[in-house]
């Protein structure tokens, strides 16, 4: 069992600066890992996402009133074009801290490919692309010795893509921290290399 929420629900939902839902925040870093430069460096070296060309921006909306929205801090992928598929993440440090975990750096991640969109080609998230990209990233981060706690995403539904497909999620956010962090908060991690609990992905 873990906390029932992270402060990520309103950041990507419709009704603030955009009439549609945006990509869910399905990957986040907290504890000593909740540092913008650490997440950027880890994304470049551990996840090997080093391109920042031909990637679409996303506005993240802070939940406090008045609502403030701004673009991600970093926008990275593993290749400049998605013709054969690619993995894409946007890194964003949340202004609003979690009451227990402190600073949260979000890094929502997905698999996408080029699709025929009106009137031209554009990238679209693959079926299950939110979940598979998240779990791929978690597997790599666990090998680095970090630990993960899966928590539910509040009030999140499928995201409409430019090719008129809707892509859903299993409704979970993977929260990454240094070893021992979640135990210190009395939330046993979902998976931890130190405790011998690794997923079978």
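Values in this text are rule-based calculations from the coordinates and carry no lab data. Keep in mind that what you see is a predicted model, and the values were worked out from it rather than measured. Glycine also receives a Cβ, built like all others from the backbone with ideal geometry; neighbour counts cover every protein chain displayed.
Just a few scattered comments:
- Gain in span if fully extended, residue 45 to residue 178, counting 0.36 nm per residue against the direct Cα distance: 46.2 nm
- Per residue, the convex hull around the alpha carbon atoms of region 27-192 comes to 117 Å³.
- Virtual spin-label span in nm between residue 35 and residue 144, 7 Å along Cα→Cβ: 1.2 nm
- Exposure proxy for 110, 70, 98, 88: other Cβ atoms within 10 Å of each Cβ, ordered fewest to most, give 70, 98, 88, 110.
- P(r) histogram, all alpha-carbon pairs of region 72-112 included - 10 Å bins from 0, percent: 29, 39, 22, 10, 0
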